[in-house]
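Following this message is one structure expressed as structure tokens.
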Amino acid sequence: RMRPAFYALGRGRVGDLLTLLHPPYTAWHLSYFALGAAVAPHLYVNRLLWGLAAFALAVGVAAHALDELLDRPLGTGLSRRTLIALAATSLIGALAIGVAGVATVWVGLAPLVLAGGLFLPAYNLELAGGRFHSDLWFAVGWGAFPAFTGYVANAERIALPGVLMACGCLALSVA
């Protein structure tokens, strides 16, 4: 049987969990958050690390667990209950980091935390008849959004460098 991805480790709890993390894709989207943060006027290492943790939980675990729950693209043997638990706890963890950022960094992060919390299940569970599960929404949600959020978390404002980086990451994701 052909592996669903070159990094798929095969059956077994550890192999399934590592496969679920979708390492190349997770690293790709985490790099967008870091790129957004890097073009901010000042890079706060703690904000970078907390943001990377939030996106790792959201994109690396929750999104892939919901994908696997929906149609098993990675072919893991993880139970439905395990996938739901992974998705829920990871998304809650990511949102908790986001709420802490709103409370300690800048209240302007609130719309981004809310948007991320709504987009992830809409995209990965193909809600609204799959309207949010398209190439464009992929590029917006997994390309532009992390980059823009990385910028805003460090700059505490919306400005041209963050918008340009988000547009660049959107274009790379479309490609």
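The values are calculated or read from the model by the stated rules, or taken from the named source; none is laboratory data. Note that this is a predicted model, so its numbers are computed, not measured. No Cβ is skipped: glycine too gets one built from the backbone with ideal geometry, and neighbour counts run over all protein chains shown. What goes into the accessible areas is simple: the full protein's heavy atoms, side chains included, and nothing from ligands, DNA or RNA. Shrake-Rupley method; radii C 1.70, N 1.55, O 1.52, S 1.80 Å.
In whole Hz and in residue order, list the ³J(HN,Hα) couplings for the stretch 68-82 that follow from phi through the Karplus curve 6.51 cos²θ - 1.76 cosθ + 1.60, θ = phi - 60°; x for Gly and Pro.
Listing the rounded values in order: 5, 5, 6, 8, 6, x, 9, x, 6, x, 5, 5, 4, 4, 5 Hz.
Using packing as a proxy for protection, rank 165-172, 13-20 so that the peptide with the highest average count of other Cβ atoms within 10 Å comes first.
Output ranking for 165-172, 13-20: 165-172, 13-20.
Give, in nm to one decimal, the length gained when the segment between SER134 and ALA34 is fully stretched (0.36 nm per residue of separation minus the Cα-Cα distance).
Contour length minus Cα-Cα distance gives 33.6 nm.
Share of the chain's accessible area from carbon and sulfur, percent, 1.4 Å?
Carbon-and-sulfur percentage of accessible area, whole number: 71.
Can you compute the modelled spin-label distance between ALA53 and ALA5, with each label point 7 Å from Cα toward Cβ, in nm?
Result: 2.3 nm between the two label points.
Between 0 and 90 degrees, rounded to the nearest ten: what's the tilt of helix 23-38 against the longest Cα principal axis of the chain?
Long axis of 23-38 versus the principal axis of the chain: about 0 degrees.
Next question, about the same structure. Arrange the peptides 85-92, 67-74 so that the one whose residues have, on average, the most other Cβ atoms within 10 Å appears first.
85-92, 67-74
In Å², what does the accessible area per residue of the chain work out to with a 1.4 Å probe?
On a per-residue basis, 51 Å².
Shifting gears a bit: Mind checking the alpha-carbon convex hull of the stretch 66-128 and giving the volume per residue in Å³?
For the stretch 66-128, the hull spanned by Cα atoms encloses 76 Å³ per residue.
Using a cut-off of under 16 Å, list every residue of the stretch 83-112 whose amide N is near the label point 7 Å from the Cα of ASN46 along the Cα-to-beta-carbon line.
97-107
Then there's this: What are the ³J(HN,Hα) values, in whole Hz, obtained from phi via the Karplus relation 6.51 cos²θ - 1.76 cosθ + 1.60 with θ = phi - 60°, for each residue of the stretch 156-166 in sequence order, with x given for Gly and Pro?
6, 6, 9, 8, 3, x, x, 5, 5, 5, 4
Sticking with this structure for a sec: If each of ALA115 and LEU18 carries a label point 7 Å out from its Cα toward its Cβ, how far apart are those two points in nm?
For the pair ALA115/LEU18, the computed spacing is 3.6 nm.
If each DSSP helix of 4+ residues adds -39,500 (n - 2.57) and the sum is divided by the residues in the chain, what number results at 222 nm, nearest 500 deg cm²/dmol?
-20500 deg cm²/dmol
Would you please report the Å³ per residue occupied by the convex hull of the alpha carbon atoms in the chain?
It is 111 Å³ per residue.
OK, next. How far apart, in nanometres, would the label points at ALA88 and TYR25 be if each is projected 7 angstrom from Cα along the Cα-to-Cβ direction?
Going by the 7 Å Cα→Cβ label model, 2.3 nm.
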